[in-house]
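Q: One structure coming up, written as structure tokens, with questions to follow.
The values are calculated or read from the model by the stated rules, or taken from the named source; none is laboratory data. Remember, predicted model here, so these are calculated numbers, not experimental data. No Cβ is skipped: glycine too gets one built from the backbone with ideal geometry, and neighbour counts run over all protein chains shown. Keep in mind that these areas ignore ligands, DNA and RNA; they rest on the heavy atoms of the full protein, side chains included. Shrake-Rupley method; radii C 1.70, N 1.55, O 1.52, S 1.80 Å.
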Amino acid sequence: MPPPCGQCGQLSSSGAFGDPGSEFEGRWFCNLCWQSWASHGVAANVRYSGASAFNGRQAFSWGQPSVNACARERFQKRETAAASPSKAEQSPSGEDEVLLTSRQAFEILAAKCPVFVEPDLSSRKIATKSKGGYVWGGELTVDGWLKLHGERGWILTDMRGNDGVKEVVRLHANETTQVAIGGYHSQGICCLEVCCDQAHVRQAPSHESAVMSARYQGELVFARSQSFNGWVRLAGEHGWMLVGAEDLGQLLSPLCNMPHVDLWLLRDVWAAARSASGDMDSKTSGFLKDAEAKARLSSVQKLGQLEYVEENKCWRSSENADQNLVNDGNLAQDDLQLSQAGILRKLFASAFQDALREEPLRGLVPEIRPCDRPVLLPVQEADEELPEETLQGPLGPAMLLEHGGTVYLADASGLLFEPVTQRLVGVWNPDARVVEAPPIGLDPSGGMTMVEHDGGEYLMTADLSVFNPKTWKRVGRFDPETNSIMETPPEEVSLRMAWDRPSPSSVGASISDLDGPSDPLEQVCLERAEGYFARKSYRVAAREFTKALERCAGANCVDMDEEVAILHRRAACFKQLREYQRLLEDAEKLLRLDPSDSQASGL
């Protein structure tokens, strides 16, 4: 949305800014006002008259009565330049014409705002904008460079304290567009994961543009910049991809908080794998993700061999280090001057390149061709703060554990999950340093809590089963009425994992002791479901809503409004998962309960 006209106050995308050198330099005026001035033959250098008014709006009184014959010509040139970029700037795909529909107005905040020929502070300055003016932006890099639309050049939106300057330009107050990738990415690149069945790479940021290729669920893609209507430009290659839209849902999921991973190397490796095999298959994708996980774990382990010397502002080998990372070739001597995130990136790159020289990646990624990397701003300490917890398991914060060549997602209790599907696959025995089989009857999908009994602590799952955390054996079932554990014979224990449907016997047992709809376990399921939904774990959230519906169905007195609300929430999960058959089933259930439900009709 454009800024309001400085003369008539109307919003118009057709117009131009005030003349350089005049008191209106940098202010936006609509097409009609410019044509009015030109047709009257008045000077472009106008004076603002706050005392006069016309039709309730502030008006202008003209300054020098001399004729400015260039006013119309200047305006026409600006309009022609905005609509038809020069050959040097115009891409074959007509990107500038497409970006015209999503360009945004930015207000200049700095006293002097330099315009660079490239997104690089060392490149040539081609113009200077003044404070209070406006510029059109059509594209924004993930590290803050704004590409001007309708004129040549780039503006850095935020200097981030360099040379004592911070914010340079800001989105105009009338603009409401939200970018798909938020935050500042110090590496100048952002990693996204395809979260739908298939996402297209198009020649320009438009649905009407030609499809160049496709990316499939689970693949990683890398973006350098973005438009202001949900599209991202791929890094190191030509093409645009849509992050998400209201009618299509989320297509790409940005993976943030990755300053410790060399994203440009990761991009080059994924590009090389695609070039070697054409369309990426799930097996190759899994190998690459597994190698990435191992390299991350290796970089963190090797960082433990170093210590930071505050006096010298550098790293060195710790006294207890069993290897010298510089002598072993993992780091160069100059790397010891880097930040913690910078050190981790170097160690990650070293470990990842080692994995590429081994099978199976040696055959899948035969040759890596590094793409051009942008010139980055000096890194500020706050730009590369490492997240306290970068991994989340089904039960909360987790870490990567490698054993026997396999990478697991391990939580604090020692339960091991498959990193991608997050299925329970075993338990880590720290004494024997082996992975043991999953506990029989343990279903952690609904979460677990600690309970006390006879002076001991036990873990209780959502179905009230109680386990000994030392032996991982089921000891009984928690009775909320007596606040005690009721022991059960071993033969009553049956294997039921997180991804299995509850058996009829288990459902009957879990709902037989309910007195009404105010079932505390049902409330627990709903709270967990909402938590999973907020984290975009829609499949697990749908499972929890199903559990709540089962509890609701077995209650002595069913609250219809409550059942309808839960059905709506589960339907929202199925819609995000694009499981339209299940979505249709829930919509039909809702309409049977309430034929006038307009929300159900629109599902």
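Q: Does residue 262 meet the test of being among the charged types (D, E, K, R) and open to solvent by less than 60 Å² (accessible area, probe 1.4 Å)?
A: So residue 262 passes the test.
Q: Scan region 311-319 and give yes if some residue there is modelled with pLDDT under 85, of a type outside the set (A, V, I, L, M, F, W, C) and not in a helix (DSSP H, G or I), otherwise no.
A: Looking only at region 311-319, we keep the residues that are modelled with pLDDT under 85, and these are 318-319.
Going one step further and asking which of them are of a type outside the set (A, V, I, L, M, F, W, C), we end up with 318-319.
Now narrow it down to the ones that are not in a helix (DSSP H, G or I): 318-319.
There is at least one residue in region 311-319 that is modelled with pLDDT under 85, of a type outside the set (A, V, I, L, M, F, W, C) and not in a helix (DSSP H, G or I).
Q: While we're on this one: Name the single residue that is most open to solvent (accessible area, probe 1.4 Å) among those in region 226-253 being in contact with a Cys (Cβ under 6 Å, 6 or more places away or on another chain) and under 20 Å from residue 186 (Cα atoms).
A: As a first pass, look at region 226-253 and keep what is in contact with a Cys (Cβ under 6 Å, 6 or more places away or on another chain): 236, 250-251, 253.
Filter again for under 20 Å from residue 186 (Cα atoms), leaving 236, 253.
Working: 236: 52, 253: 35 Å².
Per the criteria, the residue is 236.
Q: Considering every residue within region 259-278, establish whether at least one is part of a loop (DSSP other than H, G, I, E, B), in contact with a strand residue (DSSP E or B) (Cβ under 7 Å, 6 or more places away or on another chain), at negative phi and not aromatic (Phe, Trp, Tyr). Break it down into steps so the answer makes sense when it comes.
A: Filtering region 259-278 for residues part of a loop (DSSP other than H, G, I, E, B) gives 259-262, 278.
Filter once more, keeping what is in contact with a strand residue (DSSP E or B) (Cβ under 7 Å, 6 or more places away or on another chain): none.
Checked region 259-278: no residue is part of a loop (DSSP other than H, G, I, E, B), in contact with a strand residue (DSSP E or B) (Cβ under 7 Å, 6 or more places away or on another chain), at negative phi and not aromatic (Phe, Trp, Tyr).
Q: Within region 281-288, does at least one residue satisfy the condition of being in contact (Cβ under 8 Å) with a residue 60 or more places away in the chain, in contact with a strand residue (DSSP E or B) (Cβ under 7 Å, 6 or more places away or on another chain) and either surrounded by 14 or more Cβ atoms within 10 Å (Cβ to Cβ) or at positive phi (or both)?
A: Step one: of region 281-288, the residues in contact (Cβ under 8 Å) with a residue 60 or more places away in the chain are 282, 284-288.
Okay, now just the ones that are also in contact with a strand residue (DSSP E or B) (Cβ under 7 Å, 6 or more places away or on another chain), so none.
No, every residue in region 281-288 fails to be in contact (Cβ under 8 Å) with a residue 60 or more places away in the chain, in contact with a strand residue (DSSP E or B) (Cβ under 7 Å, 6 or more places away or on another chain) and either surrounded by 14 or more Cβ atoms within 10 Å (Cβ to Cβ) or at positive phi (or both).
Q: Of all the residues that make up region 455-469, how many are modelled with pLDDT of 75 or more, open to solvent by 70 Å² or more (accessible area, probe 1.4 Å) and either part of a loop (DSSP other than H, G, I, E, B) or closer than 17 Å to residue 525 by Cα (or both)?
A: 0
Q: To continue, here is another question. For the structure I just gave you, tell me whether residue 253 is in a strand (DSSP E or B) and within 26 Å of residue 406 (Cα to Cα). Write out each step before concluding.
A: Numbers: in a strand (DSSP E or B): yes; within 26 Å of residue 406 (Cα to Cα): yes.
Spelling it out, residue 253 is indeed in a strand (DSSP E or B) and within 26 Å of residue 406 (Cα to Cα).
Q: Here is a further query. Would you check which residues across region 230-243 are over 15 Å from the mean Cα position of the chain (by Cα), at negative phi and not in a strand (DSSP E or B) and list them?
A: Those that are over 15 Å from the mean Cα position of the chain (by Cα), at negative phi and not in a strand (DSSP E or B): 235, 237, 238.
Q: Determine, yes or no, whether residue 214 is touching a residue at least 12 places away in the same chain (Cβ under 8 Å), farther than 20 Å from residue 154 by Cβ, outside any strand (DSSP E or B) and small (Gly, Ala, Ser).
A: Numbers: touching a residue at least 12 places away in the same chain (Cβ under 8 Å): yes; farther than 20 Å from residue 154 by Cβ: yes; outside any strand (DSSP E or B): no; small (Gly, Ala, Ser): yes.
Here the answer is no, as residue 214 does not meet what is asked.
Q: Still on this structure, I have one more. Being open to solvent by 20 Å² or more (accessible area, probe 1.4 Å), at pLDDT 85 or above, more than 21 Å from residue 408 (Cα to Cα) and of a type in the set (A, V, I, L, M, F, W, C), is that true of even one residue in region 266-274? Spell out how you get there, then give the answer.
A: Taking region 266-274 and keeping what is open to solvent by 20 Å² or more (accessible area, probe 1.4 Å), we get 271, 274.
When the remaining residues are screened for being at pLDDT 85 or above, the result is 271, 274.
So of that shortlist, the ones also more than 21 Å from residue 408 (Cα to Cα) come out as 271, 274.
Checking the rest, the ones that are also of a type in the set (A, V, I, L, M, F, W, C) come to 271.
Yes - at least one qualifying residue is present in region 266-274.
Q: Taking region 92-128 as the search range and keeping residues that are of a type outside the set (S, T, N, Q), assigned to a loop (DSSP other than H, G, I, E, B) and modelled with pLDDT under 85, which one is surrounded by the fewest Cβ atoms within 10 Å (Cβ to Cβ)?
A: Within region 92-128, the first condition is being of a type outside the set (S, T, N, Q), and the residues that meet it are 92, 94-100, 103, 105-121, 124-127.
Checking which are assigned to a loop (DSSP other than H, G, I, E, B) leaves us with 92, 94, 100, 103, 109-111, 117-121, 124.
Restricting the remaining residues to those that are modelled with pLDDT under 85 gives 92, 94, 100.
Values: 92: 8, 94: 15, 100: 17.
Looking at the filtered set, the residue picked out is 92.
Q: Residues of region 123-158 being of a type in the set (A, V, I, L, M) and touching a Gly at 6+ places or on another chain (Cβ under 9 Å), which ones? Let's see the steps before the verdict.
A: So the first thing to find is which residues in region 123-158 are of a type in the set (A, V, I, L, M), and the list is 126-127, 135, 140, 142, 146, 148, 155-156.
Selection gives 126, 127, 135, 142, 146, 148, 155, 156.
Q: So, in region 327-338, of the ones that are part of a loop (DSSP other than H, G, I, E, B) and out of contact with any helix residue (DSSP H, G or I) (no Cβ under 6 Å at 6 or more places or on another chain), which residue ends up surrounded by the most Cβ atoms within 10 Å (Cβ to Cβ)? Give the derivation first.
A: Taking region 327-338 as the starting set, the residues that turn out to be part of a loop (DSSP other than H, G, I, E, B) are 327-332, 338.
Okay, now just the ones that are also out of contact with any helix residue (DSSP H, G or I) (no Cβ under 6 Å at 6 or more places or on another chain), so 327-329, 332, 338.
Details: 327: 9, 328: 11, 329: 10, 332: 11, 338: 18.
Going through the qualifying residues, I end up with 338.
Q: Out of region 339-367, which residues are open to solvent by 60 Å² or more (accessible area, probe 1.4 Å) and not acidic (Asp, Glu)?
A: Of everything in region 339-367, those that are open to solvent by 60 Å² or more (accessible area, probe 1.4 Å) and not acidic (Asp, Glu) turn out to be 340, 346, 353, 357, 362, 366.
Q: Could you tell me which of the residues 145, 154 is among the hydrophobic types (A, V, I, L, M, F, W, C), open to solvent by 20 Å² or more (accessible area, probe 1.4 Å) and within 23 Å of residue 373 (Cβ to Cβ)? First the steps, then the outcome.
A: Values: 145 fails: open to solvent by 20 Å² or more (accessible area, probe 1.4 Å).
None of the other options fit; the residue is 154.
Q: Scan 505, 537 and give me the residue that is out of contact with any helix residue (DSSP H, G or I) (no Cβ under 7 Å at 6 or more places or on another chain), open to solvent by 30 Å² or more (accessible area, probe 1.4 Å) and either modelled with pLDDT of 65 or more or under 16 Å from residue 567 (Cα atoms) (or both).
A: Numbers: 505 fails: either modelled with pLDDT of 65 or more or under 16 Å from residue 567 (Cα atoms) (or both).
Answer to the check: 537.
Q: Follow-up question, since we're still on this one. Kindly check whether there is at least one residue in region 189-208 that is out of contact with any helix residue (DSSP H, G or I) (no Cβ under 8 Å at 6 or more places or on another chain), farther than 28 Å from residue 574 by Cα, part of a loop (DSSP other than H, G, I, E, B) and open to solvent by less than 10 Å² (accessible area, probe 1.4 Å).
A: No, there is no match, as no residue in region 189-208 is out of contact with any helix residue (DSSP H, G or I) (no Cβ under 8 Å at 6 or more places or on another chain), farther than 28 Å from residue 574 by Cα, part of a loop (DSSP other than H, G, I, E, B) and open to solvent by less than 10 Å² (accessible area, probe 1.4 Å).
Q: Is at least one residue of region 169-178 at pLDDT below 90 and touching a helix residue (DSSP H, G or I) at 6+ places or on another chain (Cβ under 6 Å)?
A: no
Q: So which residues in region 565-600 are assigned to a helix (DSSP H, G or I), touching a helix residue (DSSP H, G or I) at 6+ places or on another chain (Cβ under 7 Å) and either surrounded by fewer than 17 Cβ atoms within 10 Å (Cβ to Cβ) or of a type in the set (Lys, Arg) (or both)? Before the answer, list the steps.
A: Pass one, region 565-600, residues assigned to a helix (DSSP H, G or I): 565-577, 580-593, 598-600.
Cutting the leftovers down to touching a helix residue (DSSP H, G or I) at 6+ places or on another chain (Cβ under 7 Å) gives us 566-571, 573-577, 582-583, 586-587, 589-591, 593, 599-600.
Correct list: 569, 570, 575, 582, 589, 591, 593, 599.
Q: Given the conditions (1) at pLDDT 95 or above; (2) closer than 22 Å to residue 355 by Cα, which single one is not true for residue 234?
A: Among (1) at pLDDT 95 or above; (2) closer than 22 Å to residue 355 by Cα, the lone unmet condition for residue 234 is (2).
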